[in-house]
Each structure stands twice: as structure tokens, then as C-alpha cells.
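A.B. asks: Here it is, the structure in full.
The values are calculated or read from the model by the stated rules, or taken from the named source; none is laboratory data. Note that the structure is predicted; figures quoted are calculated from it, not measured. Cβ atoms come from the backbone with ideal geometry, glycine included; neighbour counts cover every protein chain shown. Accessible surface areas use protein heavy atoms only, side chains included; no ligands, DNA or RNA. Shrake-Rupley method; radii C 1.70, N 1.55, O 1.52, S 1.80 Å.
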Amino acid sequence: MSRQAAVAAAYAAGGGSAVIAAAIRTAEIAHYRRIIASCKANGLPFSNFTVALVDLGTGGA
């Protein structure tokens, strides 16, 4: 699922703000991991996206 669709699904599913925030955070993490995988597969730099994962609390992985 794309990042945009996952965020829209989180809002559509409803729930409290904490539930929606957790679903969006999960979608963001998956999004950046897909970007990093694509960059690695294509020999492109990906350090900026690793920083985004650190900011999301994954430790960069």
C-alpha cells in the first residue's frame, strides 16, 4: 500500500488520535523503508531517509 493510501486508511478507520497517529507512523516507517530498499537496489544514496527513520524512532533500521 502506498504511503498516501495508508494515511487515508488510518483516518477512515477512525479511532482516537493516538490510534490514528500510530497508524500514520507505521505507514511513514514502511514508506521510508521502501525508499531505502529502492535506493540500495539502484545504487543511490539513502542516508537522508535513514535519518527520517531515526526521527520516527526506529534507530535508522
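A.B. asks: Please list, ordered by first then second residue, the pairs with beta carbon atoms under 6 Å, 6 or more apart or interchain, first in segment 42-61 and within 14 Å of Ala30 (Cα to Cα), second open to solvent by less than 80 Å² (accessible area, probe 1.4 Å) and assigned to a loop (DSSP other than H, G, I, E, B).
C.D. replies: Matching pairs, first to second residue: Thr50/Gly60; Leu53/Gly60; Val54/Gly60.
A.B. asks: If I filter segment 25-46 for residues that are at pLDDT below 85 and either open to solvent by less than 60 Å² (accessible area, probe 1.4 Å) or within 11 Å of the chain's Cα centre (by Cα) (or both), do I get at least one hit? Explain how you work it out, then say what you get.
C.D. replies: Filtering segment 25-46 down to residues at pLDDT below 85 leaves none.
Checked against the condition, which is being at pLDDT below 85 and either open to solvent by less than 60 Å² (accessible area, probe 1.4 Å) or within 11 Å of the chain's Cα centre (by Cα) (or both), segment 25-46 yields no hits at all.
A.B. asks: Name the residues in segment 10-22 that are open to solvent by less than 40 Å² (accessible area, probe 1.4 Å) and part of a helix (DSSP H, G or I), would you?
C.D. replies: Ala10, Ile20
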